[in-house]
Amino acid sequence: MKFVDEFREPEIISRVVAEIRRLADPKRHYRFMEVCGGHTHAIYRFGLTDLLPENIELVHGTGCPVCVLPMGRIDDALELTSDPKVVFAAFGDMMRVPGAAWSPLAWKARGADIRIIYSPADALKMAEKNPDRHIVFFAIGFETTAPSTALTLVRAREKGIQNFSVFSNHVTILPAIRAILDSPDMRIDAFLGPGHVSTVIGCKPYEWIAQREKKPIVVTGFEPLDILQSIAMLLRQLQGQLQGEDAKVENQYTRVVPWDGNRAALRAIAQVFELRPYFEWRGMGFISQSALRIEEEFAAWDTERRFAIRGVRVTDPKAAQCGEVLKGVLNPAQCKLFANECTPEQPVGALMVSSEGSCAGYYNYEHRKTLYSDCCSSVRCVP
Amino acid sequence: MCLAIPAKVVQLFAIEESRALVEVAGVRRQVDLGLLTDDLPSVGEWVLVHVGFAMSKMSEEQALDQLRLLRSLGEEEAAVAEVEGYAVDEAATG
């Protein structure tokens, strides 16, 4: 094993890798999707695919909220700043993400009042301190960040703060998994379930994936050992299925994820948000009931109700094959644009946008590795 | 935004029940405990923080594991920068 020595508990890692090799049927090709962008990052960073037999392919899923945000939403948000009262507050991750023409960072350089914040609570605080301005919080993320946005709105109402609103781009993970499973060219055998999303929603909401779709799913932590152990658990389930056992939801990340999730966080989401009938996902198109908008009760704090939003639609270039990569039909390097027109510096497609996107990860770790491996024997030679 | 940051609770506020002062790598900031109302942490306990809100409680061992993981993922600096970025509340932090 090439890099095992670099890990903590190298003996246990070696043992799990041996177990994976024993469990994997050499006549079969396995495609496991890790849904969460954090897992994608860890898999590339730790070079975990190098430890796996060649017939186990990890398909990098939809779980990067920055990647799946349609460009038009950024344009809509940037347009709001033409009102001199508006301050646009966003997480740093959003600043370099391009809309049709501008990223928030470039728009800020042209004079718009755009500020980086690290917590929605700080956007609310900004509103309290600047009563003559209107603070728009650009909310983004899966069920991990939605409860924090929700609670911030509850606090805004409690304090009667009027000059604050939320431009909600929150999405939910399950409809995206369903869209992947429903697509006719889907080739996924099993799933590594998201870690931090599951601290909120728990493990129960995944049961239909096992029961109806007969796909094993294991909620997984972010250590190399967690990911490898979960792969072994998926292989064991797939083997069991051949003997007539049912697929099931398993929780490998019990030290952080309770089976029932975080009820207070779920209550906050339910109090403030409702499902949109449909929402566009970059690279995947429109998915029904896949995103959260603000409930009528909190209409006074809903940017989309308080301001006229144009609803800009920006389509990705046809040549970008993000959808196929997401579904595991292509790996990132098989897309026509990969590393030519589409790079992390100049992203064309969704999955190149953030460091947790599958194409950006592939580019930064795998592609650069092939670029530099010709010059000397060290495959770890990465700039 | 997707960082999960382990933080130690160093002070709870009597007036504002839902807030706590936490410490991450020597940096002290306030976080919101409103998502842990079913099982509030005590001083000395560890919590996992996302965007300024504590999302779950964890043991010290798990917290140190998580810190080490952030370091090996090259995300430790980003995590500390995020915590430093949480607005300082002069009144209560002092």
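Only the coordinates and a few stated rules stand behind these numbers; no lab work does. Since this is a predicted model, take the numbers as computed values, not measurements. Positions of Cβ are generated from backbone atoms using ideal geometry, with glycine treated the same way; all protein chains shown enter the neighbour counts.
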**OP:** Would you work out the relative contact order for segment B:15-94, in percent, from Cα pairs under 8 angstrom that are 6 or more residues apart?
**Re:** 29 percent
Subject >> Amide H contacts under 5 Å for A:V87, placed H, 5+ residues apart >> reply: A:H134, A:I135, A:V136
**OP:** With label points built 7 Å along Cα→Cβ from the Cα atoms of A:I12 and A:M186, find their separation and express it in nm.
**Re:** 3.4 nm
**OP:** Would you mind counting up the charge near B:D39? Only other residues with Cβ under 11 Å from its Cβ, with Lys and Arg at +1 and Asp and Glu at -1.
**Re:** 0
Subject >> 5 angstrom amide H check on A:V166, placed H, neighbours 5+ away >> reply: A:F137, A:D302, A:T303
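So which chymotrypsin sites (Phe, Trp or Tyr not before Pro) in segment B:1-56 pass both tests, a DSSP loop state and at most 16 other Cβ atoms within 10 Å of the Cβ? Present the calculation step by step, with values, prior to reporting the outcome.
Values: sites: B:F13, B:W46, B:F53; in loops: B:F13.
Those that pass, being in a loop and sparsely packed, are B:F13.
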Original post:
Cβ under 11 Å from A:P84's Cβ, A:P84 left aside: what net charge do those residues give with Lys, Arg +1 and Asp, Glu -1?
Top reply: -1
Subject >> Farthest toward positive dipole pole in chain B [+1 Lys/Arg, -1 Asp/Glu at C-beta], among B:A14, B:A25, B:V47 >> reply: B:A25
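What full-extension length gain, to one decimal in nm, is calculated for A:K318 and A:R368 as 0.36 nm per residue of separation minus the Cα-Cα distance?
Details: separation 50, 0.36 × 50 = 18.00 nm, distance 2.56 nm.
Between A:K318 and A:R368, full extension yields 15.4 nm more.
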**OP:** Pop out the ³J(HN,Hα) list for segment B:28-34 in order, Karplus 6.51 cos²θ - 1.76 cosθ + 1.60 with θ = phi - 60°, rounded to Hz; leave Gly and Pro as x.
**Re:** 10, 9, 8, 10, 8, 9, x
Subject >> Among A:L351, A:L174, A:L69, residue whose mean-square fluctuation peaks in a GNM of chain A (springs only between Cα atoms under 10 Å) >> reply: A:L174
Original post:
Using modelled amide H (1.01 Å from N, peptide plane; none on Pro or chain starts), what sits under 5 Å from the amide H of A:W281, excluding residues fewer than 5 places away?
Top reply: A:F286, A:I287
Subject >> Reachable lysines from A:K214, criterion Cα separation under 27 angstrom, eight or more residues apart if same chain >> reply: A:K27, A:K204, A:K248, A:K327
Original post:
Calculated FRET efficiency, A:K85 and B:E60, Cβ-Cβ r, R0 60 Å, to nearest 0.05?
Top reply: 0.80
Original post:
Under a Cβ-Cβ cut-off of 14 Å, what is the net charge of the residues other than A:W102 that fall near it, where Lys and Arg count +1 and Asp and Glu count -1?
Top reply: +1
Original post:
What is the pair-distance distribution P(r) of segment B:5-87, computed from all Cα-Cα distances in 5 Å bins starting at 0, with each bin given as a whole percent?
Top reply: 3, 17, 29, 27, 16, 6, 2, 0
Original post:
Comparing A:S168, A:S354, A:S103, which has the greatest mean-square fluctuation in the GNM of chain A with Cα pairs linked when under 10 Å apart?
Top reply: A:S103
Subject >> Per-residue HN-Hα couplings for segment A:312-322 [Karplus 6.51, -1.76, 1.60; θ = phi - 60°; Hz; x = Gly/Pro] >> reply: 5, 10, 10, 8, 6, x, 4, 5, 6, 10, 3
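Which FRET efficiency, nearest 0.05, do A:R133 and B:F13 yield, Cβ-Cβ r, R0 30 Å? Before the final figure, lay out the partial values.
On the way: r = 28 Å, r/R0 = 0.92.
About 0.60, to the nearest 0.05.
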Original post:
What is the Cα centroid distance between segment A:45-115 and segment A:222-284, reported in whole angstrom?
Top reply: 24 Å
Subject >> Backbone HN-Hα couplings from phi across segment A:238-244 [Karplus 6.51/-1.76/1.60, Hz, Gly and Pro as x] >> reply: 4, 5, x, 4, 5, 8, x
**OP:** Run the quick spin-label model on B:V43 and A:R267: label points 7 Å from Cα toward the beta carbon, then report their separation in nm to one decimal.
**Re:** 2.7 nm
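Give me the number: length gained by fully extending A:A300 to A:Q243, i.e. 0.36 nm times residue separation minus the C-alpha to C-alpha distance, one decimal in nm. The partial results should precede the final answer.
Details: separation 57, 0.36 × 57 = 20.52 nm, distance 5.65 nm.
Residue separation times 0.36 nm, minus the Cα-Cα distance, leaves 14.9 nm.
Hey, with R₀ at 35 Å, roughly what FRET efficiency would A:E207 and A:Q334 work out to, going by the Cβ-Cβ distance, to 0.05? Can you show the working numbers first?
Numbers: r = 33 Å, r/R0 = 0.95.
The calculated FRET efficiency here is 0.55.
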